[in-house]
Amino acid sequence: MPLNGLVLSIMAFTSFFLFSSLIIAAIAPSLHAQPNQFCEAGIGYGDSSCGDSIPSSSKLLIKGGTVVNAHHQQIADVYIEDGLIVAVNPTITVGDEVRVIDATGKFVMPGGIDPHTHLEFEFMNTVTKDDFFSGQAAALAGGTTMHIDFAIPIDGSLTAGFEAYEKKAQKSCMDYGFHMAITKWDETVAREMELMVEKGINSFKFFMAYKGALMIGDELLLQGLKKCKSLGALAMVHAENGDAIDEGQKKMIELGITGPEGHALSRPPVLEGEATARAIRLADFVNTPLYVVHVMSIDAMEEIAKARTSGQRVIGEPIVSGLALDGSWLWHPDFVTAAKYLMSPPIRKQGHDKALQAALATGVLQLVGTDHCVFNSTQKSLGIDDFRKIPNGVNGIEERMHLVWDIMVESGQISVTDYVRLTSTECARIFNIYPRKGAILPGSDADIIILNPNSSFEVTAKSHHSRVDTNVFEGWRGKGKIEVTISRGRVVWENNELKVAPGTGRYIEMSPFSYLFDGLDKKDASYLNSLQAPVKRAKSTA
Ligand code: URP
Ligand code: ZN
Ligand code: ZN
């Protein structure tokens, strides 16, 4: 946006001219001094809005809405200053310099936190379409104000991987954190895990699938679980049996099944259930918490339910595509249509979706992610003759908040406070950033959404903000529209318009030893006490 437009926008935000002038004075020189390198490079999320850098008033009052936290909801005003929530009270009065947003009849909730994304991810001989700017812009348009992306090591090096992701994230327009994948094992990797924790990473992911690429075996998983425990870092698993999938894929090709349906047939739910069970048992053996990403099947979910019933600390993350869709699309006669639904583990047959919803509603599963990992139709066509070459991944970062509302709240399966817990608060607790994130409380970051339950939304690739040319939720219409997104006190989404600028997002460091680690030492001690060993035996004289 040219500076003239910027000035007009700022003036529209506040009727107090002197205040506007102060903001302009503060911002204009830096805009002149620093042209928007990201937009000049043509990386805006859309044609028209790249580089919009409209500052919001640093003081905001959200008036008269129903303020919802995971533990409580009340009609109240929320006062924000300099990116932080200052007060939440039934009646707050402010001066003219404060911008007031009327939220009467609407829900005022913590911005969504997406625990599972892949932006600018180099995978299967290509790179995802969304980078840290376009993916985050899409997220903000859909009410998500923070995400945690999976940093991938380079040739096994965590440090090199971290540095590469730091660079990718320079164009961020919202807050983000990292998980780190572990793809090999030696003393250097173990030491680097310590360094990563110092850099603000408190979770490590182990891929039990993608043989020949990211996959690790049980021996490495065990070492990794032990190291995670000692660091107070959460072990995460992509749970599918990679060796068996390799067999399954060969079988499909032998049978002449080369299309997208071969993907689902080669990696049935039983292989997800098996790996989930194995990871759970190994985590139990080590006595460390486990987080199972993208739980897609009843088989995996039931393993998590069993473990939790027995008292084990296992977190299960369904993703929005698994909750909302069924895998019959993979049998669609048009290759591009079928291929856009291809991800791992596969979106399952009808029935798994409803079972996952019920598990989420009843506390068997704890939070919702997206696994946003998008490839356009040309990229998906890399596997036109062989489903093994179709890049795995679907969208969701922009749609998650609306779809979870529609599927879970509108259907009556969960309360509005549960919605906040499943889309934001529980993620903040698990990754140890609560109540800075995931809450509308004095002192929390002002990451806030305003949802109008009487308004409606529609999903279509024609108007979404992701760079991908398709949308797996195409045509979905539902009730409950996120009308306003506030990111650290800045109104970034309003009147169906995004006001974002690359380089404004912050890296959020996450410290180890979340609540999931409380009391593990006591369990270890009682285990040692229960051993009744070593048995003291008299030396044999024979
Ligand atoms: O298909 C998927 N899920 N792609 C992203 C990588 C992963 O396994 O999370
Ligand atoms: Zn995965
Ligand atoms: Zn993923």
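The values are calculated or read from the model by the stated rules, or taken from the named source; none is laboratory data. Bear in mind that the values here come from a model prediction, so they are computed numbers and not experimental data. Note that we place each Cβ from the backbone using ideal geometry, even for glycine, and neighbour counts take in every protein chain shown. The protein model used for the area step is the full one, side chains on, heavy atoms only, and it has no ligands, DNA or RNA in it. Shrake-Rupley method; radii C 1.70, N 1.55, O 1.52, S 1.80 Å.
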remark   = Exception for ILE182 within (1) open to solvent by less than 20 Å² (accessible area, probe 1.4 Å); (2) among the β-branched types (Val, Ile, Thr); (3) away from ligand 3 (no atom under 16 Å from the Cβ) falls at (3)
request  = Could you tell me whether ASP334 is out of contact with any Pro (no Cβ under 8 Å at 6 or more places or on another chain) and touching a residue at least 12 places away in the same chain (Cβ under 8 Å)?
outcome  = no
ask   = Any residue in segment 106-128 that is more than 30 Å from ALA461 (Cβ to Cβ), modelled with pLDDT of 95 or more and among the basic types (Lys, Arg)?
value = no
message = surrounded by fewer than 21 Cβ atoms within 10 Å (Cβ to Cβ), within 16 Å of ligand 3 (Cβ to nearest atom) and either of a type in the set (Gly, Ala, Ser) or under 20 Å from the mean Cα position of the chain (by Cα) (or both): is that true of ALA213 in this structure?
response = yes
query = Cβ-Cβ below 8 Å, separation at least six or inter-chain, first residue in segment 297-311 and hydroxyl-bearing (Ser, Thr, Tyr), second surrounded by 18 or more Cβ atoms within 10 Å (Cβ to Cβ) and in a helix (DSSP H, G or I): which pairs?
reply = SER297/PRO269; SER297/GLU272; SER297/GLY273; SER297/HIS352
key: GLN249, sole failed condition from (1) away from ligand 2 (no atom under 16 Å from the Cβ); (2) part of a loop (DSSP other than H, G, I, E, B); (3) touching a Lys or Arg at 6+ places or on another chain (Cβ under 6 Å)   = (2)
query = So which of CYS228, CYS173 ends up being in a loop (DSSP other than H, G, I, E, B), away from ligand 3 (no atom under 16 Å from the Cβ) and touching a residue at least 40 places away in the same chain (Cβ under 8 Å)?
reply = CYS173
query = Going by the structure shown, is VAL94 without any contact (Cβ under 8 Å) to a residue 40 or more places away in the chain, among the aliphatic types (A, V, I, L, M) and either within 16 Å of ligand 2 (Cβ to nearest atom) or not in a helix (DSSP H, G or I) (or both)?
reply = yes
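Of all residues in segment 479-499, which are touching a strand residue (DSSP E or B) at 6+ places or on another chain (Cβ under 6 Å) and open to solvent by less than 30 Å² (accessible area, probe 1.4 Å)?
GLY480, ILE482, VAL484, THR485, ILE486, SER487, GLY489, VAL492, TRP493, GLU494, LYS499
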query = Are any residues in segment 459-486 outside any loop (DSSP other than H, G, I, E, B), within 18 Å of the chain's Cα centre (by Cα) and among the small types (Gly, Ala, Ser), and if so, which ones?
reply = none
task = Give the residue, chosen from THR417, THR378, THR370, that is within 16 Å of ligand 3 (Cβ to nearest atom), hydroxyl-bearing (Ser, Thr, Tyr) and at pLDDT 95 or above.
result = THR370
remark   = For segment 363-387 the number of residues that are more than 21 Å from the chain's Cα centre (by Cα) and either free of Cβ contacts under 8 Å to residues at least 24 places away in the same chain or within 16 Å of ligand 2 (Cβ to nearest atom) (or both) is 1
query = Hey, among the residues in segment 388-403 that are open to solvent by less than 10 Å² (accessible area, probe 1.4 Å) and not in a loop (DSSP other than H, G, I, E, B), which one's farthest from ligand 2 (Cβ to nearest atom)?
reply = MET401
request  = Quickly run through segment 73-96 and pick out the residues that are exposed (fewer than 13 other Cβ atoms within 10 Å of the Cβ) and charged (D, E, K, R).
outcome  = ASP82, ASP96
query = Inside segment 256-358, counting only helices (runs of 4 or more DSSP H) that do not spill past its ends, which hold 3 or more residues that are within 16 Å of ligand 3 (Cβ to nearest atom) and open to solvent by less than 10 Å² (accessible area, probe 1.4 Å)?
reply = 269-286, 320-324
key: Search result, residues across segment 403-447 that are closer than 20 Å to LEU516 by Cα and polar (S, T, N, Q)   = THR423, SER424, THR425, ASN432
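State yes or no: is GLU219 acidic (Asp, Glu), under 22 Å from ARG313 (Cα atoms) and open to solvent by 50 Å² or more (accessible area, probe 1.4 Å)?
yes
Counting just the residues of segment 102-125 that are more than 21 Å from ASP175 (Cβ to Cβ) and buried (at least 16 other Cβ atoms within 10 Å of the Cβ), which one comes out farthest from ligand 2 (Cβ to nearest atom)?
ALA103
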